[in-house]
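Take a look at the structure below.
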Amino acid sequence: MKDSVFISVAVTAPLDRPLTYALPSSFDPKNLMGSRVLVPLGSRKIVGIVMGEEKQNPSLTYKPVESVLDPEPLFSTSQLQFIKWASDYYLVPLGEMFKTALPLALTRTSLPASPRKKNLKNLSSEKEEIFLKEFSLVLTPAQEKIKDAIAHPPPTPSHQNHIPSPLAGEGQGEGTNFSVHLIHGITGSGKTEIYLSLIHEILKNKKQALCLVPEIALTPQTVKRYTSHFGTQVKAYHSDLSESEKLAIWRGCQKNEIPVLIGTRSALFAPFKDLGLIIIDEEQDASYKQEERVRYHARDLAIVRAKIEKIPILLGSATPSVETYFKAREGKYFYHELTERYGPAQLPKVEVVDLKTAQNPPNPPFIKGGRINNTPLCKGGLGGISHSRLFSLHLLEEIEANLARKEQTLIFLNRRGFSHFLLCKDCGETPTCSNCDITLTFHQGSKKLLCHYCDHQIIPPTECTKCKGTHWLPIGSGTERIEEDLKNYFPDLRMSRMDRDTTTRKGSHHALLEKLSKHEIDLLVGTQMIAKGHDYPLVTLVGVLSADTSLHHPDFRAAEQTFQLITQVAGRAGRASSPGRVLLQTFSPDHYAIQMAAQHQIHPFYKQELEFRKELEYPPFKRLLLFRIQGTQKTKVIKGIGELRNLLEKLEQNQKWGIDILGPSPCLIEKVRNVFRWQILIKCPLQKLLQPFLREEILNTQAQWLPKGLRLVIDVDPLSIV
């Protein structure tokens with residue numbers, strides 16, 4: 001191979017390091033950095049990304065590159081640095097990180113057909129000027145002050161505005177334009193107006209803007225508002241798009257043909273030619289954390305990308321994550337607060353209803369033993385059905401009054417299905433999933449028992465497998481049962497339900513919310529889908545049926561999640577001139593998360609929560625790493641997790657990191673999809689970087705210590721530890 005040059009290639013496969021391939025010397029490796037190449041890997045051909053030139057080892061034989069797939073690089077030098085950082089931090093093979101970053105079409109050797117009627121040609125300068133001239137948005141003095149502070153941050157760091165590394169080791173130095181800003185604004189305070197105004201300034205400078213949203217299907221108003229100001233300069237990137245549509249948007253960002261991109265977490269990897277601003281809306285949302293394969297957090301990675309690109313980044317939320325709030329209040333991020341709603345709207349009046357003492361409504365007369373509306377629920381029959389205990393008489397009276405005023409109501413319960421499970425009336429047996437350690441949830445619409453973890457479903461049994469009894473009791477309530485009960489109480493009410501069961505079709509979220517906006521719906525029942533980013537002026541009543549459900553989750557973030565969810569869903573009420581009312585029904589009315597959410601005591605909540613975190617050494621005071629061993633044989637899984645514990649203890653003895661090793665223990669649900677799962681949790685000081693040691697001593701030595709047939713999963717900065 002005398003006439004060859006050699007390149008390092010990150011193949012899109014789970015390998016622990018890039019591979020070296022040979023190229024004809026007519027190619028300049030520097031010009032190929034960031035380009036895709038087709039290379040042999042074993043008996044197959046695979047796509048890889050060129051990372052740079054590599055020295056030849058004369059004692060080795062190198063396979064040749066099959067072909068160069070891109071006429072120009074897909075990734076710039078800064079983007080390569082960004083993805084390499086993500087790979088190192090999240091302990092993911094570099095090729096797997098690229099596979100996550102690329103649209104699926106670009107990991108294949110052949111590309112899909114171009115999308116029909118999708119024109120991503122650059123807008124004419126005349127059309128751009130029309131949108132820029134027509135942009136008119138009046139900010140309040142408070143909004144204007146925040147906008148100016150973001151556009152012109154203080155040049156000299158101080159205790160209050162110093163911007164150190166947002167995550168340890170995430171980049172090379174800091175640019176003069178890099179800054180992290182938290183806009184902490186109550187629900188309806190006008191954070192979006194600030195975003196739009198700043199994007200307007202970015203577009204005037206011919207730069208691009210990226211706005212990440214948790215779930216774009218649930219925020220059609222976001223796209224609508226951005227489009228109303230910036231027209232066809234705005235594109236959306238999300239999972240509902242076809243592969244060819246995703247590819248077209250990817251190419252459009254690369255050629256600077258898309259000035260404004262709104263997208264979910266995967267949009268973070270788009271190859272912008274001249275990115276000038278990143279916005280993370282609802283930064284606290286758990287949807288930004290990917291929980292499968294490459295377990296990255298889009299918010300944290302966005303901060304890293306902003307630093308590498310030397311641009312500002314905005315984190316917006318009415319209920320910031322505890323970690324983000326802490327960094328902002330400590331002066332690591334710029335902190336901006338909006339304490340009043342935009343326009344005439346006021347915060348809703350929130351009333352806590354103690355379900356232990358609240359007056360229950362009477363049963364609807366047509367709910368009788370085993371039948372609802374004369375329809376048997378399953379073959380064996382359900383005996384002793386009563387109305388849902390989650391309704392208070394007070395809430396039903398408020399719904400009735402809202403209906404009389406021709407105003408709209410949201411009813412929130414963060415559990416779908418009809419009942420949590422079925423219980424044999426004679427012996428107490430419950431049908432469970434054959435694949436998972438969990439009871440099956442009864443869904444009345446389909447007349448089936450469904451596992452919410454693996455989607456396994458069965459027809460309810462005619463008789464109990466244990467005692468042969470034929471009477472089943474539905475225990476607990478889900479959104480399906482709530483909808484049924486409300487129909488019984490209010491037969492003339494125009495009602496819909498929004499949860500995973502009713503929104504499986506493409507565009508179904510948008511269709512439901514369009515009906516709500518046109519007042520074709522009087523009442524919407526839903527899970528947390530209805531809590532995110534919706535702004536409808538006729539919604540004046542919000543009922544939270546079981547405000548304390550998430551409090552009982554065995555996770556240190558339970559109070560934070562409860563506070564955020566209540567605050568967010570309550571914030572849907574009274575967003576126009578009509579006053580809003582919120583009824584929080586709970587069996588734990590004195591819990592500080594519920595009390596402070598009801599009283600809009602935001603800062604006291606974070607103060608108390610941070611005291612709890614500090615005492616127990618949880619984030620933001622220590623970092624977490626979660627190790628999980630998975631396999632189909634329980635004894636092998638337990639053996640594997642024991643071997644891992646021994647390795648971690650030896651590493652701690654040698655390195656003296658000062659880490660706490662918790663476990664091993666089975667996961668809260670030990671078996672999912674016939675796979676047993678055990679885990680170890682590590683608490684470690686913030687200033688320590690364990691990743692290089694873990695990669696070398698744990699990941700790269702799996703073949704030596706991990707029994708065959710098992711899988712190791714590492715979750716850096718996990719959101720869930722159960």
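Suppose the filter is over 29 Å from residue 600 (Cα atoms) and not hydroxyl-bearing (Ser, Thr, Tyr); does residue 559 pass it? Step through it out loud before you land on a result.
Numbers: over 29 Å from residue 600 (Cα atoms): no; not hydroxyl-bearing (Ser, Thr, Tyr): yes.
Against the criterion (over 29 Å from residue 600 (Cα atoms) and not hydroxyl-bearing (Ser, Thr, Tyr)), residue 559 does not qualify.
Checked against the criteria, residue 298 counts as of a type in the set (Gly, Ala, Ser), touching a Leu at 6+ places or on another chain (Cβ under 7 Å), modelled with pLDDT of 95 or more and surrounded by 19 or more Cβ atoms within 10 Å (Cβ to Cβ).
Yes/no matrix, rows are residues, columns are (1) among the hydrophobic types (A, V, I, L, M, F, W, C); (2) assigned by TED's automatic domain parsing to the domain that holds residue 513:
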{"site": "394", "(1), (2)": "no, yes"}
{"site": "412", "(1), (2)": "yes, yes"}
{"site": "424", "(1), (2)": "yes, no"}
{"site": "433", "(1), (2)": "yes, no"}
{"site": "441", "(1), (2)": "no, no"}
{"site": "446", "(1), (2)": "no, no"}
{"site": "449", "(1), (2)": "yes, no"}
{"site": "469", "(1), (2)": "no, no"}
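If I filter region 571-591 for residues that are within 26 Å of the chain's Cα centre (by Cα) and surrounded by fewer than 18 Cβ atoms within 10 Å (Cβ to Cβ), do I get at least one hit? Within region 571-591 (the criterion being within 26 Å of the chain's Cα centre (by Cα) and surrounded by fewer than 18 Cβ atoms within 10 Å (Cβ to Cβ)), the answer is no, since none of the residues qualifies. Just one residue in the set 337, 351, 323 is in a strand (DSSP E or B) and under 30 Å from residue 146 (Cα atoms); that residue is 337. Annotation note: of 75, 98, 82, the sole residue that is among the aromatic types (Phe, Trp, Tyr), modelled with pLDDT of 90 or more and in a loop (DSSP other than H, G, I, E, B) is 75.
Hey, can you tell me all the residues within region 1-29 that are in contact with a Leu (Cβ under 9 Å, 6 or more places away or on another chain) and not β-branched (Val, Ile, Thr)? Once the filter is applied, which keeps residues that are in contact with a Leu (Cβ under 9 Å, 6 or more places away or on another chain) and not β-branched (Val, Ile, Thr), region 1-29 yields 4, 6, 8, 10, 13, 15, 16, 17, 18, 19, 23, 29. In region 449-472, the qualifying residues are those that are more than 29 Å from the chain's Cα centre (by Cα) and part of a strand (DSSP E or B), and the one that is nearest to residue 416 (Cα to Cα) is 458. Quick check on region 238-290: of everything there that is more than 18 Å from the chain's Cα centre (by Cα) and basic (Lys, Arg), which residue is farthest from residue 108 (Cα to Cα)? Here the residue is 273.
Being surrounded by 15 or more Cβ atoms within 10 Å (Cβ to Cβ) and among the aliphatic types (A, V, I, L, M): is that true of residue 104 here? Reasoning before the result, please.
Working: surrounded by 15 or more Cβ atoms within 10 Å (Cβ to Cβ): no; among the aliphatic types (A, V, I, L, M): yes.
The answer is no for residue 104.
Yes/no matrix, rows are residues, columns are (1) farther than 24 Å from residue 291 by Cα; (2) loosely packed, with under 15 Cβ neighbours inside 10 Å:
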| site | (1), (2) |
| --- | --- |
| 619 | no, no |
| 644 | no, no |
| 666 | no, no |
| 677 | no, no |
| 684 | no, no |
| 693 | no, yes |
| 703 | yes, yes |
| 716 | no, no |
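Looking only at residues of region 202-217 that are in a helix (DSSP H, G or I) and out of contact with any strand residue (DSSP E or B) (no Cβ under 9 Å at 6 or more places or on another chain), we find that the one that is modelled with the highest pLDDT is 204.
Among the criteria (1) among the basic types (Lys, Arg); (2) more than 21 Å from residue 569 (Cβ to Cβ); (3) at pLDDT below 85, the one residue 406 does not fulfil is (3). Say whether the condition of being modelled with pLDDT of 95 or more, within 15 Å of the chain's Cα centre (by Cα) and more than 23 Å from residue 566 (Cβ to Cβ) is met by at least one residue in region 311-322. So far as region 311-322 goes, no, none of its residues is modelled with pLDDT of 95 or more, within 15 Å of the chain's Cα centre (by Cα) and more than 23 Å from residue 566 (Cβ to Cβ). Where residues in region 85-95 are assigned to a helix (DSSP H, G or I) and in contact (Cβ under 8 Å) with a residue 60 or more places away in the chain, which of them is surrounded by the fewest Cβ atoms within 10 Å (Cβ to Cβ)? Among those that are assigned to a helix (DSSP H, G or I) and in contact (Cβ under 8 Å) with a residue 60 or more places away in the chain, it is 88. The criterion of at least 2 residues that are acidic (Asp, Glu) and modelled with pLDDT of 95 or more is met by the following helices (runs of 4 or more DSSP H) wholly inside region 519-636: 602-616. Quick check: is even one residue across region 471-486 more than 29 Å from residue 568 (Cα to Cα), touching a Phe, Trp or Tyr at 6+ places or on another chain (Cβ under 9 Å) and either at pLDDT below 90 or not hydrophobic (A, V, I, L, M, F, W, C) (or both)? Yes, there is a match, as at least one residue in region 471-486 is more than 29 Å from residue 568 (Cα to Cα), touching a Phe, Trp or Tyr at 6+ places or on another chain (Cβ under 9 Å) and either at pLDDT below 90 or not hydrophobic (A, V, I, L, M, F, W, C) (or both). Region 404-447 holds strands (runs of 3 or more DSSP E) entirely within its bounds, and those carrying 2 or more residues that are touching a residue at least 60 places away in the same chain (Cβ under 8 Å) and not hydrophobic (A, V, I, L, M, F, W, C) map to 408-412. If you go through region 262-283 one residue at a time, do you hit one that is assigned by TED's automatic domain parsing to the domain that holds residue 142, part of a helix (DSSP H, G or I), surrounded by fewer than 23 Cβ atoms within 10 Å (Cβ to Cβ) and of a type in the set (S, T, N, Q)? Scanning region 262-283, I find at least one residue that is assigned by TED's automatic domain parsing to the domain that holds residue 142, part of a helix (DSSP H, G or I), surrounded by fewer than 23 Cβ atoms within 10 Å (Cβ to Cβ) and of a type in the set (S, T, N, Q), so the answer is yes. Restricting 50, 37, 5, 11 to residues that are in contact (Cβ under 8 Å) with a residue 60 or more places away in the chain and of a type in the set (Val, Ile, Thr) narrows the list to 11.
The values are calculated or read from the model by the stated rules, or taken from the named source; none is laboratory data. Just so we're clear, the structure is a prediction, and the values are computed from it rather than from any experiment. Ideal geometry is used to build each Cβ from the backbone, glycine not excepted, and the neighbour counts take in all protein chains shown.
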